[in-house]
2 protein chains.
Amino acid sequence: MGMTKIVECVPNFSEGIDLDKIEKIVNPFRGKDNVKLLDYKRDADHNRVVVTVVGEPQAVKNAMLEAMGVAIEVIDMRNHKGEHPRMGAVDVVPFIPVKNMTMTEAVELSKEFAKEAAERYNVPIFLYEKSASSPDRENLANIRKGEYEGMFEKIKQPEWKPDFGPTEVHPTAGVTATGARMPLVAFNVNLGTNNIEIANKIAKNVRFLNGGLRYCKAIGIELKDRGIVQVSMNMTDYTKTALYRAFELIKVEARRYGVPVIGSEIIGLLPMEALIDTAVYYLGVEDFSMDQVLENRIME
Amino acid sequence: MGMTKIVECVPNFSEGIDLDKIEKIVNPFRGKDNVKLLDYKRDADHNRVVVTVVGEPQAVKNAMLEAMGVAIEVIDMRNHKGEHPRMGAVDVVPFIPVKNMTMTEAVELSKEFAKEAAERYNVPIFLYEKSASSPDRENLANIRKGEYEGMFEKIKQPEWKPDFGPTEVHPTAGVTATGARMPLVAFNVNLGTNNIEIANKIAKNVRFLNGGLRYCKAIGIELKDRGIVQVSMNMTDYTKTALYRAFELIKVEARRYGVPVIGSEIIGLLPMEALIDTAVYYLGVEDFSMDQVLENRIME
């Protein structure tokens, strides 16, 4: 019950088929003091596994370095095929401040990881998101463009010199991105229609890309088995673009099509604050403080 | 990050004026391993201090026993005056299961406390709420009726024999009640009128006592400085009577008076689940699980 700092780390590794290899990669997150493996989800089509781990920052970083060593041993990017874009055996390593930790501290942690990983494994490392060394590098998609195969040429351009490690792609491990970011909330809103065009139009109206909410990515999705469509969102900073705001805006947009909002879903984990903000909005609670949440007081 | 059980304890002591005595009573909750003093609020008119402490069940119980010893030393009920009803130096000791703990375990803990307190301090102890030995004793107000002064006669009646300790009031410490209960949520809804009659009528319609929601106590209150009135509620089991249900019901009732609901307030602490339930309702989230809340996964 001390003021323990807690970081979340969600590394993506380029192996989603060979269960034996996946277990080897995930193993360094098991049985360690102050490190807790919450989840790992592989996708065979993507040929990729996404691991979720939380814990004390240095302990998580060290376990992550160990897992990276294993991944580099068992993955050979020269033979890697998958639907999801990728550029390295350890494709991306996001650090997310969760408790008693500032974004600045998470940025620091990602840079320590980048430096040690580059030195230990001789892999070029790019910093992205809040850790980016230039605006071009904030968006992971920009860094990853060209993927593993294109990286051998790309890395020679001065504007794509890695932040740490050699200016040369690791032949079997490729390159890695790391950085600090806010937690993502996967929030999907269901519409009472099977018309995907309507979901697409609403998605465009609410997302940042087309003039909508700043921290909202959105696409239209068909749920064929239910005969409905959905606005599938990634909320990239729930502290600035609240869930209820996206939800109410979708209701407003849906109105012009005469389509009802019939529910929603939240995929995976989210911080309690994202939902507490929403409750406080709907109940119109005045002067609410997160210190009033019992669990926050216990965890200090 | 183990599966630590956490209990909350909210003892009420009959001293709200003498700061030196209050500090002495509160001190046993400070500097102990696995015990965390969250808050203590004294009220001079009530002549009473309410302490909020959380921690590992045995550690909290032991600190509570120690604080009881101090309270018995410094408080003399023969001289106690205050607006709040009271029957003992240590008036009531509720134990509330907060994390990885069942209500049954909290009941057990309250009984252990009762037994040890009675033996150590020779004070009669009554079990109330979920720990009650008969339905008459569930409601604290029933046990406390007659207060300290009336207890000397009351305790002689067979139906008011204490659950632990002597069948004789402690001359300076009176008697004590202890038991396990759900966390209370103090939730007040503000109305856009200064007509207290309307607040009173709505309070009657929503509260259990008059045919309203089962786990809701409510009264009308004037906020004179703001020129408005409020339905002031005590939600006695938010897992069964959700906050949003009381809020929406008040809106429904307010409609017949043409009065708007203009906001609300939450006083003191509440468990995250009380607000997360509410967010999940308003967003219409399907199949939500509390396991999706990151903080719940960290605290396991």
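Figure legend. Inter-residue proximity from region A:143-164: first residues assigned to a helix (DSSP H, G or I), second residues surrounded by 18 or more Cβ atoms within 10 Å (Cβ to Cβ) and polar (S, T, N, Q), beta-carbon distance below 9 Å, spacing 6+ or different chains. Indicated pairs: A:Tyr148/A:Ser14.
Hey, any hits in region B:155-162 for a residue that's among the aliphatic types (A, V, I, L, M) and either closer than 22 Å to B:Lys115 by Cα or open to solvent by 50 Å² or more (accessible area, probe 1.4 Å) (or both)?
yes
If you go through region A:281-293 and keep only what is at the interface with chain B (Cβ under 7 Å from one of its Cβ atoms) and either out of contact with any strand residue (DSSP E or B) (no Cβ under 8 Å at 6 or more places or on another chain) or part of a helix (DSSP H, G or I) (or both), you end up with A:Tyr282, A:Leu283, A:Gln292. Among the numbered conditions (1) part of a strand (DSSP E or B); (2) modelled with pLDDT of 95 or more; (3) of a type in the set (Asp, Glu), the only one that A:Glu222 does not meet is (2). Among the residues in region A:117-131, are any touching a strand residue (DSSP E or B) at 6+ places or on another chain (Cβ under 8 Å), open to solvent by 30 Å² or more (accessible area, probe 1.4 Å) and either under 30 Å from A:Leu275 (Cα atoms) or among the aliphatic types (A, V, I, L, M) (or both)? Yes, region A:117-131 contains at least one residue that is touching a strand residue (DSSP E or B) at 6+ places or on another chain (Cβ under 8 Å), open to solvent by 30 Å² or more (accessible area, probe 1.4 Å) and either under 30 Å from A:Leu275 (Cα atoms) or among the aliphatic types (A, V, I, L, M) (or both). When residues of region A:236-266 are filtered for being assigned to a loop (DSSP other than H, G, I, E, B) and either within 25 Å of B:Ser289 (Cβ to Cβ) or open to solvent by 50 Å² or more (accessible area, probe 1.4 Å) (or both), how many remain? The qualifying residues number 11.
Among the listed residues A:Glu83, A:Glu66, which satisfies the condition of being away from chain B (no Cβ under 14 Å), assigned to a helix (DSSP H, G or I) and among the acidic types (Asp, Glu)?
Values: A:Glu83 fails: assigned to a helix (DSSP H, G or I).
Exactly one of A:Glu83, A:Glu66 is away from chain B (no Cβ under 14 Å), assigned to a helix (DSSP H, G or I) and among the acidic types (Asp, Glu), namely A:Glu66.
Can you tell me which residue among B:Thr104, B:Thr176 is polar (S, T, N, Q) and touching a helix residue (DSSP H, G or I) at 6+ places or on another chain (Cβ under 9 Å)? Testing whether each residue is polar (S, T, N, Q) and touching a helix residue (DSSP H, G or I) at 6+ places or on another chain (Cβ under 9 Å) leaves just B:Thr176. Selection of region A:267-279 for residues being part of a strand (DSSP E or B) and either facing chain B (nearest Cβ under 7 Å) or buried (at least 20 other Cβ atoms within 10 Å of the Cβ) (or both) yields only A:Leu270.
Kindly indicate whether any position in region B:91-99 is farther than 15 Å from B:Asn12 by Cα and aliphatic (A, V, I, L, M). Quick ask: steps written out before the conclusion?
As a first pass, look at region B:91-99 and keep what is farther than 15 Å from B:Asn12 by Cα: B:97-99.
From the residues that got through so far, the ones that are aliphatic (A, V, I, L, M) too are B:98.
Scanning region B:91-99, I find at least one residue that is farther than 15 Å from B:Asn12 by Cα and aliphatic (A, V, I, L, M), so the answer is yes.
The residue pairs whose first member lies in region A:242-266 and is at pLDDT 95 or above, whose second member is assigned to a helix (DSSP H, G or I) and among the basic types (Lys, Arg), and whose beta carbons are closer than 9 Å, counting only pairs six or more residues apart or on different chains, are A:Glu253/A:Lys201; A:Tyr257/A:Lys201; A:Pro260/A:Lys251; A:Val261/A:Lys251.
The values are calculated or read from the model by the stated rules, or taken from the named source; none is laboratory data. It should be emphasised that the depicted structure is a prediction, and the values quoted were computed from it without experimental measurement. Cβ: placed from backbone, ideal geometry, glycine included. Neighbour counts: every protein chain shown. Areas reflect the complete protein model, heavy atoms only, side chains present, ligands, DNA and RNA absent. Shrake-Rupley method; radii C 1.70, N 1.55, O 1.52, S 1.80 Å.
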